[in-house]
Protein chains: 2
Amino acid sequence: MRTKLRGVNALYPAPTTLVGALVNGKPNFITIAHIGILNYGPGAEGARELISIGVGKRHYTTQGIRDNRAFSVNLPSEDLIRETDYCGVVSGEKEDKASLFTIFYGALPAAPMIEECPVCMECRVVDIYEVKAYDVFIGEIVETYASEDALTEGKPDLAKIRPLLFDMNRRKYWGLRPEPVGDCWRIGVGYKKELRGK
Amino acid sequence: MRTKLRGVNALYPAPTTLVGALVNGKPNFITIAHIGILNYGPGAEGARELISIGVGKRHYTTQGIRDNRAFSVNLPSEDLIRETDYCGVVSGEKEDKASLFTIFYGALPAAPMIEECPVCMECRVVDIYEVKAYDVFIGEIVETYASEDALTEGKPDLAKIRPLLFDMNRRKYWGLRPEPVGDCWRIGVGYKKELRGK
């Protein structure tokens, strides 16, 4: 039996991010988990890696991203759950959220990043897709910064990053099991052989 | 010390989905994890819940979605790892992937859904955002179908769904720990009080 849920969005969990921007000249951070991946850049010659963040138009950070056409996406680990949740419940208009973190900058002067986050990306805004009450900022990833202890063989390792995963339906953060479930594009090849052997 | 990763996308993990469409009149499924959430519909009066899927233009399924302006998003559990990975390595042009599943339909005749998946959404295409080599289909969620054993108090429960989470960087699927890490918008409120008490 199937229950109809009135079109509720069940596309969770999503990585919880701290989005950084300059607002009125000062660094600010807002918690955003309504994110997206548009393409796989390296898979299409000359393409850029594009990601999206959906930010309510009324948030304090939104105008800063619009003004400077830049933002950062910082991935907090589970250890930062308090700071991360706090940045989602408090406005930068009232509180200086940047003082919670050690901030660094890369190539873009309007994309403050968080030293305490294992992985940070700085993004140039290439487009704004407007949806009622939301600005969906489409960003090209200009550079990605990782702490050494977040990498395995030079690649971001989710077991080390321990991302905080957001679930809007039950209002929970989730964590990953430390071991992967399996290998992409291997399991399916084995299954294909099995199906053909039938 | 920070390592620069040449702008690699580190915005993972993402829920792995089986996207359903009618292609040349027949149901087909393709594995897609480059998905996005654009907004939170109920948070903006009269807004629709919009999600995105980034699909390579050359995939067999792409033209089917373009032709019919509809698709489904099915969330496989960890138990479906073989079928899910298989649907990402085999083209519907050559193999009948729909035969792996029990298919059902809701309101949209061109959005076949998978009975074996705990949660399924049928979507109407409201826009196509074109990126080099990719069609990013923006879909309005028309209806969401959940199996009873995927729900807690009427809401999708990730501990019961056990979604397969995709990681492009290490080519792994990951699973969730069965207990949430914490409550959204509570931890931050407690932290706020603590900061003020300082």
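The values are calculated or read from the model by the stated rules, or taken from the named source; none is laboratory data. Small disclaimer: the values here were computed from a predicted structure and weren't measured. A quick note on method: Cβ atoms are made from the backbone with ideal geometry, for glycine too, and the neighbour counts reach across all protein chains shown. Heads up: the accessible areas ignore ligands, DNA and RNA and are worked out on the full protein's heavy atoms, side chains in. Shrake-Rupley method; radii C 1.70, N 1.55, O 1.52, S 1.80 Å.
Checking the a/c ratio against 1.5 first, then a/b against b/c, what shape does the Cα gyration tensor give for region B:129-186? In terms of gyration-tensor shape, oblate. Here the peptides B:108-116, B:144-152, B:31-39 are ranked by packing, the mean other Cβ count within 10 Å, and the order with the highest first is B:31-39, B:108-116, B:144-152. Each chain gives up part of its surface: A and B jointly bury about 9900 Å² of accessible area, both sides summed, for a 1.4 Å probe. Ligands, DNA and RNA left out, the 1.4 Å accessible surface of region B:75-193 is 45% carbon and sulfur atoms. Summarising the label geometry, the points placed 7 Å from Cα in the beta-carbon direction at residue B:171 and residue A:153 lie 0.8 nm from one another. When chain A is turned onto chain B, its residue with the beta carbon nearest the axis, and that distance in whole angstrom, is A:36, 1.
In the context of the full set of protein chains, residues of chain A present 41 Å² of accessible surface per residue (probe radius 1.4 Å, heavy atoms only). Counting, for every residue in B:145-153, the Cβ atoms of other protein chains within 10 Å of its Cβ and taking the mean gives 3.
The mean number of partner chain beta-carbon atoms within 10 angstrom of a residue's beta-carbon across peptide A:51-57 is 4.
For region A:1-109, a/c is not less than 1.5, where a ≥ b ≥ c are the root eigenvalues of the C-alpha gyration tensor, and a/b does not top b/c. That puts it in the oblate class. Stretched out straight at 0.36 nm per residue, the stretch from residue A:185 to residue A:58 would grow longer than its current Cα-Cα span by 41.5 nm. Could you compute how fast the protein assembly as shown diffuses translationally, taking Rh as the Kirkwood radius over C-alpha pairs and applying Stokes-Einstein at 4 °C with viscosity 1.567 mPa s? Give it in µm² per second. So the translational diffusion coefficient is about 62 µm²/s.
Model label points for residue A:93 and residue A:107, set 7 angstrom from Cα along the Cα-to-Cβ axis, are 3.4 nm apart. Under the definition of Cα pairs under 8 Å and six or more residues apart, what whole-number percent is the relative contact order of chain B? Over chain B, the number comes to 22 percent.
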